[in-house]
Every structure is written in structure tokens, then in C-alpha cells.
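Undergrad: Below is one structure. I have some questions about it.
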Amino acid sequence: MTKQVQALGTVDATQPLKIMKITRRELQPDDVEMDILYCGICHSDLHQIKNDFGAAHFPMVPGHEIVGRVTAVGSNVTNFKVGDSAAVGCIVDSCGHCPACERDLQQFCEEGTTLSFNSPDKHLGGMTFGGFSKTYACKSDYMLHVPDSLDLAASAPLLCAGITVYSPLKHWQAGPGKVVGILGIGGLGHVAIKIAKAMGSKVVVFTTSQAKVEDAKRLGADDAVLSSDADQMAAYASKVDLIIDTVSAPHDINEYLRLLAIDGTVVLVGLPPKPLEIGAFNVVKGRRSFAGSNIGGIAETQEMLDFCAEHNITADIEMVNADQVNEAFERLEKGDVKYRFVVDMSTL
Ligand code: NAP
Ligand code: ZN
């Protein structure tokens with residue numbers, strides 16, 4: 001039987017979020033169902049509710065950094081039981097047999113990844129509704145285990161922010177002997193500092209904020225650069241092996257390409273809604289690369305959670321109640337968060 005549950009959603013790009021009822025599917029044999037305890041607020045939620053990418057469907061219930069407690073498991077499920085903690089990130093289904101899925105890269109599924117919200121819903125029709133709600137259900141193969149040692153609320157942001165930076169740090173081989181730059185110290189960036197440091201890299205922060213320059217060492221960075229200071233920027237020219245660019249707004253990528261050492265790479269994970277321009281000489285010189293990366297597959301997301309448990313990494317969060325969610329989105333838009341809002345869903 002489908003059920004109606006309470007959620008926080010919006011009916012168009014100009015409206016604040018408000019309480020609404022949504023339908024959740026009947027438990028399927030492969031499904032795990034959870035009561036949601038906490039859900040992080042990612043800048044992608046903000047892009048989507050504002051329809052920055054022109055791909056929003058309304059009504060929309062955002063939220064894709066979801067942790068909770070299992071309340072029911074389908075008859076085929078062996079990897080979760082009632083009472084376990086569980087988590088859902090961005091991906092809740094994929095075809096399972098295309099070349100991308102065979103490589104555990106479900107985020108690039110050729111038949112279309114089902115995302116946790118604003119994505120065609122194969123069960124109910126319409127679009128999926130996300131984690132700003134009381135419950136979530138999906139196939140057990142797409143649910144993650146949160147290691148016991150991690151605080152549940154502070155782990156929620158790992159489900160998107162964590163995997164989005166872990167995956168490129170690993171793919172481009174951050175580690176001992178490498179200088180890794182983290183550009184933009186928000187939700188993704190502050191977790192990237194911690195993960196890159198735990199991988200053994202030298203970590204340099206590039207930020208527009210003097211306050212974050214001062215906070216960077218506490219977060220684990222070896223050095224921090226105020227990006228508006230030309231002398232501080234020039235000191236890193238041709239010295240950085242890998243830059244993870246998490247900036248959410250249009251910015252001059254050439255300033256960062258020039259910081260790359262020979263064979264260095266800037267990996268864009270931020271999603272500025274307008275195209276970026278690259279000057280030819282900033283890439284031909286030094287055989288530099290400009291690349292991108294999108295979240296990470298399910299197996300890699302579990303690997304990231306286990307890595308974070310091993311290194312005692314969670315997000316620095318500011319917890320808010322359900323009735324503060326619109327204010328939290330306004331503050332996120334202004335860059336006024338250190339460093340991730342998490343909504344306490346028991347207050348919904
Ligand atoms: P966030 O918390 O808002 O952080 C973004 C940071 O970018 C800000 O803290 C700020 O850092 C910097 N920034 C913002 N506006 C800027 C501007 N005009 N010029 C220069 N720097 C600016 O956002 P988030 O949740 O970390 O997400 C970051 C981006 O990644 C968003 O676009 C989001 O949609 C995207 N994202 C992508 C993926 C993926 O799979 N590719 C996954 C999740 C999120 P400083 O204050 O340090 O300058
Ligand atoms: Zn996200």
C-alpha cells in the first residue's frame with residue numbers, strides 16, 4: 001500500500017518551501033524503508049529549487065543527504081534489518097547492466113540514473129521526492145551503511161558532499177607528495193580539505209573569505225590563500241598538482257589553471273549555471289588538464305563512508321529545525337554557513 005507522508009517542498013521556483021503531503025511507494029521485495037532522521041542542505045538543492053539548470057519539476061521536495069533508521073525490509077533483503085541506521089545519497093536506482101553500471105559508475109547509467117529527487121520515478125510515475133520528508137524507500141542495493149562510530153547528523157553531508165570530493169581525489173591520486181588545492185570552502189570544500197589531508201596530500205585552500213583563511217588550518221589545511229590577493233596567488237603559480245573546484249557561481253577558471261604544475265588537473269565539481277571560458281595557453285602550457293566529476297557510484301560511496309570512519313571525518317554542521325529551512329536556504333545563498341546545514345527531520 002502506498003502511503004502519504006509529510007514533506008517540505010515547493011510548488012514553483014519563486015515560492016518558499018512549505019509543508020505538503022507526498023506519496024511513498026508500497027514496500028517492494030528488494031526495498032528498504034527508513035524513517036528519516038537528518039537531511040543535509042546541499043547547494044544543488046538550492047540550484048534545483050531556483051530552477052538554475054532549467055530542469056526543475058514542481059512540486060519538488062529536495063534533499064539528497066539522507067540518514068535514518070530502517071523501519072521495514074522487503075522479503076529479498078539480506079543486507080539491512082529493522083533498526084539499522086541507513087543512508088541514501090543522490091542515486092536511488094539505475095539499469096544495473098549498461099557499461100557504466102557494470103563499472104559501478106551508476107551516476108553515468110546509460111539508461112538514466114534515478115536520483116533521489118526531481119528524477120523520473122519508475123514506481124509511482126511523476127518525479128522522485130527527496131529527503132526533506134519523514135520516510136524514504138529504495139532498493140537495498142542503493143542504501144548505504146553509516147559506520148557506528150560516526151555521528152549520524154554530521155555524517156549526512158558525506159552522502160553528497162563527501163562522495164563528490166572523495167571520488168575525484170581518489171581518481172586523480174591525491175596522496176603523499178601531491179599538492180592538492182581546494183577551491184571554495186563551503187559544504188563540499190570543507191569536507192574535501194579533511195579527506196585530502198587524510199589521504200596524505202599537502203592541502204592548500206583557495207577562498208574568497210578572510211574568515212575562512214583563518215579557519216582553514218583548524219579544518220586540516222596546510223596553507224590558505226585569499227584568492228583576491230594577487231601576491232598570495234602568484235606564490236602558488238605552477239605548484240599545485242590537483243585542484244578540486246567546488247565553486248557554485250561563475251568564476252575565472254584561468255586563474256586556477258595557471259596554478260597547476262606540469263600534468264596537473266583542475267577538476268570541476270561545482271555547477272556554475274553559466275559556461276566557463278578557458279584560455280588556450282593556460283592548458284597547453286604545462287600539459288594541463290581541465291576535467292569534471294559527478295558524485296560517485298554506490299560501492300565508492302560506501303568505501304568513502306568507511307574511509308571517513310577510519311579517519312574520524314564528518315562535516316562541521318549547523319543543525320536547523322524544519323521551520324528554519326527557508327532561512328537556511330537564504331543563508332546558504334549568501335555563503336553564511338559553516339559549513340553545512342542539516343535539518344533535524346524529527347521537527348517536521
Ligand atoms: P556551498 O556550501 O554554497 O559552497 C560553495 C563555495 O563556493 C562557497 O562557500 C564559496 O567559497 C564559493 N563561492 C560561492 N560563490 C562564489 C563566487 N561568486 N566566486 C567565488 N567563489 C564563490 O555549496 P556546496 O554545497 O559545497 O556545492 C558547491 C557546488 O557543487 C554547487 O554548485 C553544487 O551544486 C555543486 N555540486 C556538484 C556535485 C557533483 O556531483 N558534481 C555534487 C554536489 C554539489 P569561499 O567562501 O571559500 O570562497
Ligand atoms: Zn548535493
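Undergrad: Output the residues belonging to the stretch 61-89 that are open to solvent by less than 50 Å² (accessible area, probe 1.4 Å), outside any strand (DSSP E or B) and touching a residue at least 40 places away in the same chain (Cβ under 8 Å).
TA: Listed by number, the residues that qualify are VAL61, PRO62, GLY63, HIS64, GLU65, GLY74, VAL77, PHE80, ASP84, GLY89.
Undergrad: Take ILE41 and tell me if it is within 14 Å of ligand 2 (Cβ to nearest atom) and either aromatic (Phe, Trp, Tyr) or in contact with a helix residue (DSSP H, G or I) (Cβ under 7 Å, 6 or more places away or on another chain) (or both). If you could, list the steps in order and put the result at the bottom.
TA: On the way: within 14 Å of ligand 2 (Cβ to nearest atom): yes; either aromatic (Phe, Trp, Tyr) or in contact with a helix residue (DSSP H, G or I) (Cβ under 7 Å, 6 or more places away or on another chain) (or both): yes.
Judged against the criteria, ILE41 is a match.
Undergrad: For ILE182, all conditions in the list (1) under 14 Å from the mean Cα position of the chain (by Cα); (2) within 13 Å of ligand 1 (Cβ to nearest atom); (3) crowded, with 24+ Cβ neighbours inside 10 Å hold save one; what is the number of the exception?
TA: It fails just one condition, (1).
Undergrad: In this structure, is ASP323 at negative phi and out of contact with any His (no Cβ under 7 Å at 6 or more places or on another chain)? Lay out the reasoning, then the answer.
TA: Numbers: at negative phi: yes; out of contact with any His (no Cβ under 7 Å at 6 or more places or on another chain): yes.
Taking the combined requirement at face value, the residue satisfies it.
Undergrad: Note down all Cβ pairs under 7 Å where the first residue falls in the stretch 31-58 and is among the basic types (Lys, Arg), the second is more than 9 Å from ligand 1 (Cβ to nearest atom), and they're at least six residues apart or on different chains.
TA: Every condition considered, the pairs that remain are LYS50/ALA13.
Undergrad: Among the strands (runs of 3 or more DSSP E) lying completely within the stretch 185-297, list those that include at least 2 residues that are under 23 Å from TYR166 (Cβ atoms) and under 22 Å from the mean Cα position of the chain (by Cα).
TA: Values: elements: 202-207, 223-226, 240-245, 260-268, 289-292.
Once the strands (runs of 3 or more DSSP E) in the stretch 185-297 are filtered for at least 2 residues that are under 23 Å from TYR166 (Cβ atoms) and under 22 Å from the mean Cα position of the chain (by Cα), what remains is 202-207, 240-245, 260-268, 289-292.
Undergrad: Name the residues in the stretch 186-222 that are within 15 Å of VAL337 (Cβ to Cβ), crowded, with 22+ Cβ neighbours inside 10 Å, more than 16 Å from ligand 2 (Cβ to nearest atom) and touching a residue at least 60 places away in the same chain (Cβ under 8 Å), would you? Give the derivation first.
TA: Applying the first criterion (within 15 Å of VAL337 (Cβ to Cβ)) to the stretch 186-222 yields 186-191, 207-209, 211-212, 215, 219.
Still in the list and also crowded, with 22+ Cβ neighbours inside 10 Å: 186-191, 207, 212, 219.
Cutting the leftovers down to more than 16 Å from ligand 2 (Cβ to nearest atom) gives us 207, 212, 219.
LEU219 - this is the single residue of the stretch 186-222 that is within 15 Å of VAL337 (Cβ to Cβ), crowded, with 22+ Cβ neighbours inside 10 Å, more than 16 Å from ligand 2 (Cβ to nearest atom) and touching a residue at least 60 places away in the same chain (Cβ under 8 Å).
The values are calculated or read from the model by the stated rules, or taken from the named source; none is laboratory data. Worth saying up front: this structure is predicted, and the values here are computed from it rather than measured. Backbone-built Cβ (ideal geometry, glycine too); neighbour counts: all protein chains shown. Side chains included, ligands, DNA and RNA excluded: accessible areas come from the protein's heavy atoms. Shrake-Rupley method; radii C 1.70, N 1.55, O 1.52, S 1.80 Å.
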